[in-house]
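Here the structure is laid out as C-alpha cells; the discussion comes afterwards.
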Amino acid sequence: MNVGSYVTVFSSIGNVGDQVTLLSPSETFIGSTLLTFLYHMMISDEDTTAALTVFTYSQLGVYEQRLLEIRGNHGASWQQAKVCLPEGDYQLAFVATHGLKFSSDIALDNIDLYFDRPCNGPRKGRYFSGLVM
C-alpha cells in the first residue's frame, strides 16, 4: 500500500477566480529537462473557470512563460502531465484557479524533474503545448 502526501486546492474554500500558487525552489535549467507530475481534476461540465497552469516564474517575481494549461473534467482518476522545460534560471509556478464552488477541486502529486532526459516534441510540452481541455 502506498502512503504519501499530495496537494489539494478545495473549491469550497475561496471564490470563483481565486488563485493558489505552489512555487518550486529556484533552479538553473541547462539542456533537456523533463517535468512530470500527476494531477486530479474532476470538474463540473458547467465550470469554465477552473484551471491548472504551469508557468516559469522569474527572479523578479513575474510569470514569464506559460508552459501548460489544463482545463475541464479529467475524470475520477489521476492523470500524468509531462512538459519539456526551457533553459534558464527560474522557479516553476503551479497555479490552481478556483472554479465553481464545490465542483472544481484540483490536486497535484509526484512532481519530478528529470535532468538530461530527452524530450520528444516541442520545448513547450511533450504532450501538452498550451491548452488541454
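The values are calculated or read from the model by the stated rules, or taken from the named source; none is laboratory data. Just so it is clear, the model here is predicted, and its values are computed rather than measured. Backbone-built Cβ (ideal geometry, glycine too); neighbour counts: all protein chains shown.
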_Close pairs from segment 96-120: first under 12 Å from Cys84 (Cβ atoms) and at pLDDT 85 or above, partner aliphatic (A, V, I, L, M) and in a strand (DSSP E or B), Cβ under 7 Å, at least 6 apart_ = Leu113/Leu35; Tyr114/Leu34
_I need every pair where a residue in segment 6-21 that is within 14 Å of Thr53 (Cβ to Cβ) has its Cβ under 8 Å from the Cβ of a residue that is aromatic (Phe, Trp, Tyr) and surrounded by 14 or more Cβ atoms within 10 Å (Cβ to Cβ), sequence separation at least 6 or different chains._
Thr21/Phe94
*Determine if segment 29-38 includes at least one residue that is touching a Phe, Trp or Tyr at 6+ places or on another chain (Cβ under 6 Å) and more than 15 Å from Tyr114 (Cα to Cα).*
no
*Got a number for residues in segment 46-73 being in a loop (DSSP other than H, G, I, E, B) and either under 16 Å from the mean Cα position of the chain (by Cα) or closer than 11 Å to Gly99 by Cβ (or both)?*
7
*When the residues of segment 1-22 are filtered to those that are out of contact with any Asp or Glu (no Cβ under 8 Å at 6 or more places or on another chain) and surrounded by 12 or more Cβ atoms within 10 Å (Cβ to Cβ), which remaining residue is modelled with the lowest pLDDT?*
Gly14
*Would you check if there is a residue in segment 32-41 being more than 17 Å from the chain's Cα centre (by Cα) and either under 19 Å from Cys84 (Cβ atoms) or in a strand (DSSP E or B) (or both)?*
yes
*asked:* Given (1) surrounded by 15 or more Cβ atoms within 10 Å (Cβ to Cβ); (2) over 27 Å from Glu27 (Cβ atoms), identify the lone condition not met by Ala81.
replied: (2)
